[in-house]
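Right, one structure below, let's go through it.
The values are calculated or read from the model by the stated rules, or taken from the named source; none is laboratory data. Model, not experiment: these values are computed from the prediction. Don't worry about glycine lacking a Cβ; one is built from the backbone with ideal geometry, like all the others, and counts go over all protein chains shown. Surface accessibility is based on the protein's heavy atoms, side chains included, excluding ligands, DNA and RNA. Shrake-Rupley method; radii C 1.70, N 1.55, O 1.52, S 1.80 Å.
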Amino acid sequence: EHKKLIEECVKSAGQKMLGWRKVPVRPDFGKGLGATAMACEPYMEQLFVGLDDSVTAEKVDPVLFLIRKKAQIHCDTKYPSDERFYICSLSSRVITYKGMLTAHQLGDYFADLNDPDCESYVALVHSRFATNTFPGWKRAHPYRYMCHNGEINTVQGN
């Protein structure tokens, strides 16, 4: 049902749904993950969108942005909070991985990050959770592009 909602948003934007891919995670099951992280671990998939020939290079990401926003708004209005999905990224340039992980656990958890075919000029990791709420995958910061939360810590102080 969730996939159908997203596919309808792709179609209503005049684009073509190419398919889905399950994000390969935890090649060594449970390695380094705590009980809390494992208890609320989400199911993750990536979607692939084929763009109409009329979409120029400079319009690719704005079209994908509108599809993502429309799908998220429909999801948030249709489903109760515990049944909602979250689209981490839908871009031709950026892949965002979101998780209840430390920086050192990323490579062990997300198999793509160890795949020799996965290349990147830049990788940014933000590893901080809200300190005033109980930790959860939903609360991992939802950054889709480079970011900063305004807090700067140094060895010698601010």
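Heavy-atom surface analysis with a 1.4 Å probe gives region 55-107 a carbon and sulfur content of 58 percent of its accessible area.
Under unit Cβ charges (Lys, Arg +1; Asp, Glu -1), what dipole magnitude, rounded to 20 debye, does region 71-125 have relative to its Cα centre?
Values: 4 positive and 8 negative charges, 58 e Å.
Here the size comes out at about 280 debye.
Simple spin-label estimate for Tyr121 and Ser12 gives 3.6 nm between the two label positions (7 Å along the Cα-to-Cβ direction from each Cα). With a 1.4 Å probe rolled over the protein heavy atoms of all chains, the accessible area of Thr77, Thr102 falls in the order Thr77, Thr102, largest first.
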